[in-house]
Amino acid sequence: MKWGLITELAWALMVARGKQTIVAGVGVVFSITMFVALLGFMNGLNSMLDGLILNRTPHIRFYNEVKPNPNQPIQLFDRETHHVIRSIKPSASRLDIHNSGPIMESLSRDPRVLGVTPRITAQVFYNVGTIDITGVVNGVDVAKEADLFSFEDYVTTGNVQDLNNTLNSVILGKGAADRMLAEIGDLIQVTTAQGNRMQLKVVGYFQSGLGDVDNVQSYASINTVQKMLGEPASYVTDIQVKLHDLNLAPAMARELAEVYQVDADDIQTVNAQFETGTQVRSLISYAVGITLLVVSGFGIYNILNMMIYEKMDTIAILKAIGFSGRDVNLIFIIIALIIGVVGGALGLVFGFLAGLGIERIPFETEALPTIKTFPVDFNPKYYVIAGVFSIVTTYFAGYFPAKKASKIDPVDIIRGK
Amino acid sequence: MQRSSVLRTQNVSKYFYSPEKTQVLKEVCLDVKKGEFVSVMGKSGCGKSTLLYILSTMDTDYEGQLYIENELVTGLDAKILSRIRNEKIGFVFQFHYLLNEFSALENVKIPAMKLGRYSPEEIEHRVMEKLRIFGMESHALKKVHQLSGGQKQRVAIARALINDPLIIMGDEPTGNLDKSNSDIVFNIFKELATEFHQTMLIVTHDDEFAKGTDRIIEMEDGRII
């Protein structure tokens, strides 16, 4: 019907108060820009921090836990009564996974699984002169480890492939290397928990960004570690699995632990605190963003209110010549929505540009060797939320002034002169 | 032949409540026939403007009944009243009350666009025709603030006429004009009455103006005498 007329009137009123309208619009633009840039930046940092841990953590890890045998011999003798047994010690069960080869093969055939890689964790002492420094040497399948856990990203000096190419080689954690004063090409001596000694050649440094890890962990090829421990080629203490969908991990861990008769940890259980941290951080960024939008909503509310006081006459005339309260209401709602839509759209564009800008800012830190600039998350989700929110806030900012305008009694205004 | 009634009131009373309850209209009965040019006179404060705003359907807070074309209007929904104002009543105020944001042409156009009886092209044509009657066609595209007081009032009358209303109501339409302009405006009203048989009800305290009308309704203390 007369939408064209109503919009035309709304537009004319807006143009008449051009400066104020622009100020209101700039408020919306600013808050949407900040909302998008802030959320993108915060979540970029978030996923980077999470990635620090989660990228390198297997979704499911199979291993044999050192624990007492739940089936003690006396239970075979007398099943009827309760037993009180003291001083049970863990049984000398093997740390390696029985049948590791077939298990890995069957895992890699599972459609849910992205990749499987074996690992040996060996407790060692690094012998430096008369001092022994405790440490862990991880025996890894270099190619698969690089594939699944971005191993290469964390090797700051040297080449990962040297682990395969050089006999008895090791990539030392940066912290451990610093303590041992070990340069690339040096030989270091390690002693295993069983007492075997071996000389390893340093081919690179490893830096994860987590000091505790870098002070202790080193990497060698799986064969080297098997040799070091004096174990056969089938010896594997951990099987690490990466899934296509991380959320399946807990269920699959339970299921497969049953099937393979080994212990299984899933990523959610091991790293529960990360998820909480992520949630809290994004909650904070949403809270800040929404506050910005609400503040700009009040800006629009104020300007519309002022406009109504200034345009009392106009409203009264419109009513006198036959516009209903609803028409007047619509006019002011439309003004609010025009400010919201235009301001919101510009805000999204500027927010995107701000994101691109932030992404260019150099950000280099010792702890994060792979990060060169600030990370920004350009997830469309934030743009959709910001867009919807800009329209919703401006609508409500316009709603009350519009309602007030629709209630204006033309007789009061006209007779008041 | 009895001319049909355009506007009729039956025992309309109105009270003002602040500062204290006072009765401003006392059981006013009034009948305006089709084609009549009626003026309402009285001292200021006698309730003539109050009566006019009740008749215009803008003021709904009164007792008694108001009929437009013999149909009861009292108590109708605000939305329907807006429609009646748009379609059947043309209003001319003491001040021009044009919309400053628009040109003269657009000001006259708005009520017609709101009514939507004609296409936009036809409306434009009709607006120009009305403006031509009042010698305003050359000022059609000027903004309101570029017009003189008399010109503004002529545009306001054109706006009141654009939907061919049943009745034109005026609240001291010449009250704010100098002698020559108020003569022009009066002549317009007179012309409307004689040539177009437009029904009109004009509130004024200008004796000369009133003398030129068909019928003078005099009010005192909220009563018609």
Any idea what the dipole of chain B comes to, in debye rounded to 20, about its Cα centre with Lys/Arg Cβ at +1 and Asp/Glu Cβ at -1?
-> 260 debye
Taking the Cα centre of the protein assembly as shown as the origin and placing charges on Cβ (Lys, Arg +1; Asp, Glu -1), which of A:V15, B:I202, B:S103 is farthest toward the positive end of the dipole?
-> B:I202
The stretch A:94-194: C-alpha pair distances exceeding 17 Å, % = 61 percent
Send over the Kirkwood Rh of the protein assembly as shown, from the inverse of the averaged 1/r over different Cα pairs, rounded to one decimal Å.
-> 32.6 Å
Counted neighbours (other Cβ, 10 Å), sorted fewest up, put A:T191, B:T199 in the order A:T191, B:T199
Rounded to 5, the percent of DSSP beta bridges in the protein assembly as shown classed as antiparallel | 65 percent
Name the residue, out of A:L95, A:L318, A:L256, whose mean-square fluctuation peaks in a Gaussian network model built on chain A with Cα pairs under 10 Å.
-> A:L318
Ordered by fewest other Cβ atoms within 10 Å, a rough proxy for footprinting exposure, A:M42, B:M128 read B:M128, A:M42
Within the stretch A:245-285, backbone nitrogen closer than 18 Å to the virtual label 7 Å beyond the Cα of A:R109 toward Cβ = A:256-257, A:259-261
Counting each DSSP H run of 4 or more residues in chain A as -39500 (n - 2.57), what helix-only mean residue ellipticity at 222 nm follows after dividing by all residues, to the nearest 500 deg cm²/dmol?
-> -18500 deg cm²/dmol
Using the Cα centre as the reference, give the magnitude of the dipole from point charges on the C-beta atoms of the stretch A:60-267 (Lys, Arg: +1; Asp, Glu: -1; all else neutral), rounded to the nearest 20 debye.
-> 500 debye
Among A:N164, A:S208, A:L95, flag the residue with its Cα farthest along the positive direction of the charge dipole of the stretch A:92-222, charges on Cβ as +1 for Lys/Arg and -1 for Asp/Glu.
-> A:L95
Determine the relative contact order of chain A: mean sequence separation of Cα pairs under 8 Å and six or more apart, normalised by residue count, in whole percent.
-> 28 percent
Charge dipole magnitude, Cβ of K and R +1, D and E -1 - the protein assembly as shown, Cα centre, debye nearest 20 | 1600 debye
For the residue pair A:I85 and A:L353, what label-to-label distance in nm results when each label sits 7 Å from Cα along the Cα-to-beta-carbon direction?
-> 7.4 nm
Within 10 Å of the Cβ of an average residue in B:157-166, the count of other chain Cβ atoms is 1
Looking at B:A112, B:I80, B:V127, which one has the Cα that reaches farthest to the positive end of the dipole of the stretch B:75-128 (charges on Cβ: Lys, Arg +1; Asp, Glu -1)?
-> B:I80
Equivalent ellipsoid semi-axes - Cα gyration tensor, chain B, angstrom | 29, 20, 17
How far is it, in nm, from the label point at B:R117 to the one at B:D214 when both lie 7 Å from their Cα along the line to the Cβ?
-> 2.0 nm
In whole angstrom, the spacing between the Cα centers of the stretch A:372-414 and the stretch A:196-218 equals 56 Å
Label-point gap, in nm, between A:T130 and A:I290 - each point 7 angstrom along Cα→Cβ = 6.5 nm
Gaussian network model of chain B, Cα springs within a sub-10 Å range: biggest mean-square fluctuation belongs to which of B:K26, B:K79, B:K142?
-> B:K79
Using only Cα atoms, find the angle between the long axis of helix B:120-133 and the longest principal axis of chain B, and express it within 0 to 90 degrees, rounded to the nearest 10.
-> 80 degrees
Please identify the helices of chain A, taking whole runs of DSSP H, that span at least 30 Å along their own axis as judged from the Cα atoms and have a mean Kyte-Doolittle score of 1.0 or higher.
-> A:18-54, A:325-360
Aspartates and glutamates within cross-link reach of A:K311: Cα-Cα under 17 Å, excluding same-chain residues under 8 positions apart?
-> A:E8, A:D327, A:D409, A:D412, B:E101
Out of every Cα-Cα pair in the stretch A:35-137, what percent are more than 21 Å apart?
-> 68 percent
Pairing the Cα long axis of helix B:78-88 with the longest principal axis of chain B, what angle in degrees results, from 0 to 90 and rounded to the nearest 10?
-> 60 degrees
Rel. contact order, % - alpha carbon contacts under 8 angstrom, at least six apart, the stretch A:60-267 | 31 percent
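Report the calculated FRET efficiency for A:L248 and A:K19 (r = Cβ-Cβ distance, R0 = 56 Å), to the nearest 0.05.
On the way: r = 57 Å, r/R0 = 1.02.
The calculated FRET efficiency here is 0.45.
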Using alpha carbon centroids, what distance separates the stretch A:290-313 and the stretch A:219-243, in Å?
-> 68 Å
Over chain B, what is the mean sequence separation of C-alpha contacts under 8 Å (at least six apart), divided by residue count, expressed as relative contact order in percent?
-> 31 percent
Filtered hits (lysines, Cα-Cα < 23 Å from B:K34, offset >= 8 within chain) -> B:K48, B:K88, B:K130, B:K190, B:K211
Please work out how much length the chain gains when fully extended from B:H125 to B:D183, using 0.36 nm per residue of separation minus the C-alpha to C-alpha distance, in nm with one decimal.
-> 18.1 nm
Gap separating the Cα centres of the stretch B:149-218 and the stretch B:71-129, nearest whole Å = 17 Å
Where a ≥ b ≥ c are root eigenvalues of the Cα gyration tensor, a/c under 1.5 meaning rounded, otherwise prolate if a/b exceeds b/c and oblate otherwise, the stretch A:368-417 counts as prolate
Ranked from fewest to most other Cβ atoms within 10 Å of their own Cβ, B:E195, B:E218, B:E36 fall in the order B:E195, B:E218, B:E36
Considering only A:Y205, A:Y399, A:Y63, give the residue with the highest GNM mean-square fluctuation for chain A, with springs between Cα atoms whenever their separation is below 10 Å.
-> A:Y399
Expressed as a whole percent, how much of the Cα-Cα distance distribution for the stretch A:60-267 exceeds 20 Å?
-> 62 percent
When the helix-only estimate is applied to chain B (DSSP H runs of n ≥ 4, each -39,500 (n - 2.57), divided by the residue count), what is the mean residue ellipticity at 222 nm, nearest 500 deg cm²/dmol?
-> -11000 deg cm²/dmol
Can you give the mean number of other chain Cβ atoms that lie within 10 Å of the Cβ atoms in peptide A:402-413?
-> 2
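Coordinate-derived values only; no laboratory data. These numbers were taken from a predicted model, which means no experiment stands behind them. Counting neighbours? That spans all protein chains shown, and the Cβs are built from the backbone with ideal geometry, glycine included.
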